[in-house]
Amino acid sequence: MPLPEPQLSIQPPKGKTLVGLETIFSTRAEPFTRTLTLLGRRITLRIEPSSFLWHHGDGTSQTTDWSGKAWDRDEPEIDGYLTHVYEHTGTVRPSVEVTWSAEFRVGGGAWQPVNGTVTRAGAPVPLQVLEGQPVLNSY
């Protein structure tokens with residue numbers, strides 16, 4: 001059963017962030033159901049993401065049980081987002097891995113867990129970490 005490749009979303013956009021700024025990460029990974037026929041029997045699979053491994057590209061990573069969320073100007077409080085603060089300038093290549101779990105049932109029978117999980121890695125995304133310099137301007 002093919003699983004969707006995770007696509008990493010980063011804010012601020014356009015591949016640039018700043019040292020000391022909380023950089024927001026998210027991906028889309030929605031539960032889904034598939035039905036197939038195996039040996040003449042109808043098998044239904046319920047597949048859902050169970051964990052997310054976020055590689056920040058600077059040697060650090062974090063594991064969560066949620067996909068983060070994209071920046072929403074109506075929800076500016078940073079505590080509701082999945083973030084990372086970069087400490088050094090340079091180009092990094094963050095990525096995300098999604099681990100999927102599943103249940104199955106034969107016909108209209110009871111749901112049974114599928115033994116094991118499957119992890120799908122997304123492609124790294126180039127991100128420049130820059131340092132801002134204060135500038136005093138006169139009017």
Worksheet item: What percent of all Cα-Cα pairs in the chain falls in each 5 Å bin, counting up from 0?
Response: 2, 9, 16, 17, 14, 12, 9, 7, 6, 4, 2, 1, 1, 1, 0, 0
Discussion item. So for each of 32-45, 73-86 I average, over its residues, the number of other beta carbons within 10 Å; can you give me the resulting order with the highest mean first?
Written reply: 73-86, 32-45
Worksheet entry | Positive-end extreme of charge dipole, the chain - chosen from S51, P2, G90 (charges on Cβ) | P2
Worksheet item: Cα centroid distance between segment 1-39 and segment 51-84, in Å?
Response: 11 Å
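What translational D, rounded to a whole number of µm²/s, comes out for segment 86-139 from Stokes-Einstein when the hydrodynamic radius is the Kirkwood one over Cα pairs, at 20 °C and 1.002 mPa s? Provide the component values of the computation, followed by the final result.
Numbers: Rh = 16.1 Å.
For these conditions, the coefficient is 133 µm²/s.
Tell me the relative contact order for segment 3-139 as a rounded percent, counting alpha carbon contacts under 8 Å between residues six or more apart. Provide the component values of the computation, followed by the final result.
Details: 295 pairs, mean separation 44.0, N = 137.
Relative contact order comes out at 32 percent.
Values in this text are rule-based calculations from the coordinates and carry no lab data. Values in this document were obtained by computation on a predicted structure and should not be read as measured data. Here Cβ is always computed from backbone atoms with ideal geometry, including for glycine, and neighbour counts include all displayed protein chains.
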